[in-house]
Amino acid sequence: MMNHSLLLSLCSVILFLININYVLSYRPVVIIHGVMADSDSMELISERIQQSHPGTEIYNTPRYAGWTSLEPMWRQVEEIGEDVMAIGNAFPEGIHLLGYSQGGLLARAILQRYPQHNVRTFISLSSPQAGQYGTRFLHLFFPDLVCETAYELFYSKLGQHTSVGNYWNDPYHQKLYFEYSKFLPYINNEKISTNTSEFKDGLIKLEQMVLIGGPDDGVITPWQSSQFGYFVNDSVVEMRDRAIYKTDAIGLKTLDKTKKLTTYTVPGIPHKEWHVNITILEKYILPHLN
């Protein structure tokens, strides 16, 4: 029979190995690509996460690639959201969620639409969280579109069948924004709905929300939208000075006061480089993916 001291030593070794395995294991990461892109565009970030955090399970969604990324936001939220929930159910210890550009707004809405999620950390990488009022990237599919008249397209029944129309936020036509927009004013709890409390609950349960953006983005307009800042007429009001924060409409103030909200403002990064810039990954993303 094994003597008592040897048994204790063996138990200690087993417990040590279990502890080491726990320390070295990383939560799975779900990644959502941007508009007019696909999962291939996020492969570099996926590979570097796995290199830096060996063993990390990466789920880089292939859904709504290319032109299909222009389908209505709610449709994408429902379908990708079901995937996120299934992944979360498979890993009850929790997962992380990262979205780039439009993907970051989709990711945030998924957290709100499915408040029963088990996402620990949400990272928004240069995403129009407060809306978009810039047409630079839209010229790929709306070549004649300009900001001043874009509301005529987006604030219509036809326009609301596009993802961009769902988060187009014209500061000079707010009445039409609230009348026609079927997505952004709801997830921002600017319009009350039967889901208002759930939309807040889905965010305040996060352990960390990370908002990354910068002044040289060139696409997200204003760039402060990546951190919930937005236009009031010709001026930009920062997140903490806006009503959405002051009233704690979706929990931003709660997250901030409990030190669960982190913002990074990084100059010199154009929009197309956020997800392929190794420095951004190593300094502002990886530290939050434990």
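Things worth noting here:
- The dipole here belongs to the chain: it is taken about the Cα centre, uses +1 on the Cβ of Lys and Arg and -1 on the Cβ of Asp and Glu, and is about 780 debye.
- Farthest positive-ward along the chain dipole, Cα basis, beta-carbon charges - from Ile280, Leu97, Ile244: Ile244
- GNM top mover of Ile278, Ile204, Ile244 - the chain, alpha-carbon springs below 10 Å: Ile278
- Lysine pairs in the chain whose alpha-carbon atoms fall under 20 angstrom of each other, counting only those eight or more residues apart or on distinct chains, come to 25.
- Each residue of segment 62-77 was assigned a 3J(HN,Hα) from its phi angle through the Karplus expression (A = 6.51, B = -1.76, C = 1.60, θ = phi - 60°), giving x, 5, 6, 8, x, 5, 5, 5, 8, 5, x, 4, 4, 4, 5, 4 Hz with x at Gly and Pro.
- Relative contact order for the chain, counting Cα pairs under 8 Å that sit 6 or more residues apart, in percent: 18 percent
- Rounded tilt (10° steps) of 43-52 against the dominant C-alpha axis of the chain: 30 degrees
- Excluding exposed DSSP-loop trypsin sites (Lys or Arg not before Pro) (at most 10 other C-beta within 10 Å), longest clean stretch of the chain: 1-156
- For Arg48 and Arg240, the difference between the fully extended length at 0.36 nm per residue and the C-alpha to C-alpha distance is 65.8 nm.
- Alpha-carbon centroids, segment 219-272 and segment 93-127: separation in whole Å: 16 Å
- Recomputing Rg and Dmax of the Cα atoms in Å from the coordinates shown identifies the correct label among (1) 23.6, 85; (2) 18.0, 55; (3) 20.7, 85 as (3).
No value in this document is a laboratory result; all are computed from the given coordinates. Note that the structure is predicted; figures quoted are calculated from it, not measured. Virtual Cβ from ideal backbone geometry, glycine too; neighbours counted across all protein chains shown.
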